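Scroll down for the structure; my scribbles are underneath it.
The values are calculated or read from the model by the stated rules, or taken from the named source; none is laboratory data. Everything numeric in this text was worked out from a predicted model, so none of it was measured. Every residue, glycine among them, receives a Cβ derived from its backbone with ideal geometry; neighbour counts consider all protein chains shown. For the accessible areas, the whole protein counts, side chains as well, though only heavy atoms, and no ligand, DNA or RNA atoms are used. Shrake-Rupley method; radii C 1.70, N 1.55, O 1.52, S 1.80 Å.
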Amino acid sequence: MALFDLPVDELRAYRSASTEPEDFDAFWAKTLQQAREHDLDARFEPVDTGLATVEVYDVTFAGFGGHPVKGWLRLPAGTTRPLPLVVEFIGYGGGRGLPHERLLYASTGRAHFVMDTRGQGSTWGGGGATADPVGAAPAYPGFMTRGIDAPENYYYRRVFTDAVRAVEAARAHPLTDATRTAVIGESQGGGISLAVGGLVPDLAAVAPDVPFLCDFPRAATLTDRHPYREIGLFLKTHRGRSADVLRTLSYFDGVHFAARGRAPALFSTALEDETCPPSTVFAAFNAWAHEDKAIEVYEFNDHEGGGPFHEAAKVRWLRSYA
């Protein structure tokens with residue numbers, strides 16, 4: 001795929017046309033308050049993995065609505081003091097996987113928490129283990145239009161709330177250092193990390209890679225790749241509902257969370273990425289409020305972005321923060 005989006009100079013100046021709801025902050029404050037009415041009930045059960053260098057815990061905590069959400073906590077073997085914490089969120093369709101996967105960050109001497117994504121975990125990888133017990137109005141198959149009739153019902157309200165609670169659960173473990181917490185993720189996980197970056201005020205760092213769930217008005221009309229295409233296919237049947245759909249999505253747009261980002265951030269994008277087009281990523285990056293921010297641009301890559309090269313860049317970057 002050749003370059004299809006704006007030239008790089010224009011990307012660096014691009015601003016989203018997404019309209020922020022007047023009650024954006026009130027909506028999320030109420031949502032998180034309701035979630036915190038449920039006991040977090042974070043439980044950490046050791047898992048026998050046969051690994052010699054990493055200890056793994058099967059985690060359960062109460063997310064949105066008090067619903068049980070799963071995760072893995074990985075610690076370097078023999079840890080006796082609180083460690084910097086990396087909380088990771090997963091790409092679209094994936095789950096937390098198996099306990100022996102994703103060993104990079106524990107191998108750097110950090111605590112590493114991976115959140116399962118409710119209702120997902122059946123498309124790729126080692127699978128997931130968290131149900132989404134909430135019903136929804138008619139939707140196109142996938143997750144992008146589940147509950148899109150109203151912000152209160154939208155699927156990602158539950159996911160983003162789970163993610164904030166995941167940070168709280170990971171910080172509750174005695175061997176994690178809450179003051180040195182970074183959140184990361186790729187694609188959908190990057191979009192979730194943006195939301196957490198806007199909702200949790202005291203993070204040490206945020207690293208969204210090729211983030212999804214940004215600049216919905218542009219994304220839904222620029223690319224015909226899934227998952228964004230799910231929005232258009234829903235509206236193809238539900239004619240005349242575009243304004244209502246965009247209003248719901250505005251409460252979940254990474255651009256608006258980025259405007260509340262209060263931690264250093266490292267973004268990445270790829271100029272041939274039709275899944276999460278670079279202009280939508282730059283929309284969030286350019287809106288990120290903290291002045292300490294950078295973006296790695298991979299010129300000839302699609303949605304794989306920087307892959308292992310960017311993993312190495314993140315590990316180097318994190319040394320300064322967590």
Legend entry - Sole residue being surrounded by fewer than 24 Cβ atoms within 10 Å (Cβ to Cβ) and in contact with a Lys or Arg (Cβ under 9 Å, 6 or more places away or on another chain), chosen from 139, 172: 139
Legend entry - Enumeration of residues in the range 30-60 that are under 30 Å from residue 285 (Cα atoms) and open to solvent by less than 60 Å² (accessible area, probe 1.4 Å): 31, 32, 35
Inset, instruction - Would you mention how many residues in the range 287-314 are under 28 Å from residue 202 (Cβ atoms), in contact (Cβ under 8 Å) with a residue 40 or more places away in the chain and over 18 Å from the mean Cα position of the chain (by Cα)? - result: 1
Inset, instruction - Evaluate the range 143-150: report whether one residue or more is over 14 Å from the mean Cα position of the chain (by Cα), under 23 Å from residue 29 (Cβ atoms), assigned to a strand (DSSP E or B) and in contact (Cβ under 8 Å) with a residue 12 or more places away in the chain. - result: no
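With the structure loaded, tell me whether residue 63 is open to solvent by less than 70 Å² (accessible area, probe 1.4 Å), small (Gly, Ala, Ser) and under 20 Å from residue 322 (Cα atoms) or whether it fails that test. Break it down into steps so the answer makes sense when it comes.
Working: open to solvent by less than 70 Å² (accessible area, probe 1.4 Å): yes; small (Gly, Ala, Ser): yes; under 20 Å from residue 322 (Cα atoms): no.
Considered against the rule, which asks whether it is open to solvent by less than 70 Å² (accessible area, probe 1.4 Å), small (Gly, Ala, Ser) and under 20 Å from residue 322 (Cα atoms), residue 63 comes out as no.
Among the residues of the range 248-256, is there at least one that is open to solvent by 30 Å² or more (accessible area, probe 1.4 Å) and either out of contact with any strand residue (DSSP E or B) (no Cβ under 9 Å at 6 or more places or on another chain) or modelled with pLDDT under 95 (or both)?
Of the residues in the range 248-256, the ones open to solvent by 30 Å² or more (accessible area, probe 1.4 Å) are none.
Taking every residue of the range 248-256 in turn, none turns out to be open to solvent by 30 Å² or more (accessible area, probe 1.4 Å) and either out of contact with any strand residue (DSSP E or B) (no Cβ under 9 Å at 6 or more places or on another chain) or modelled with pLDDT under 95 (or both).
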Legend entry - Single condition residue 29 does not satisfy, out of (1) in contact with a His (Cβ under 8 Å, 6 or more places away or on another chain); (2) under 21 Å from residue 171 (Cα atoms): (1)
Legend entry - Residue pairs meeting the criteria (Cβ under 8 Å; at least 6 apart or on separate chains; first open to solvent by 50 Å² or more (accessible area, probe 1.4 Å), in the range 215-236; second in a helix (DSSP H, G or I)): 218/279; 218/280; 218/283; 221/232; 222/279; 222/280; 224/232
Inset, instruction - Would you point out the residue of the range 81-114, among those that are within 28 Å of residue 132 (Cβ to Cβ) and of a type in the set (D, E, K, R), that is surrounded by the most Cβ atoms within 10 Å (Cβ to Cβ)? - result: 96
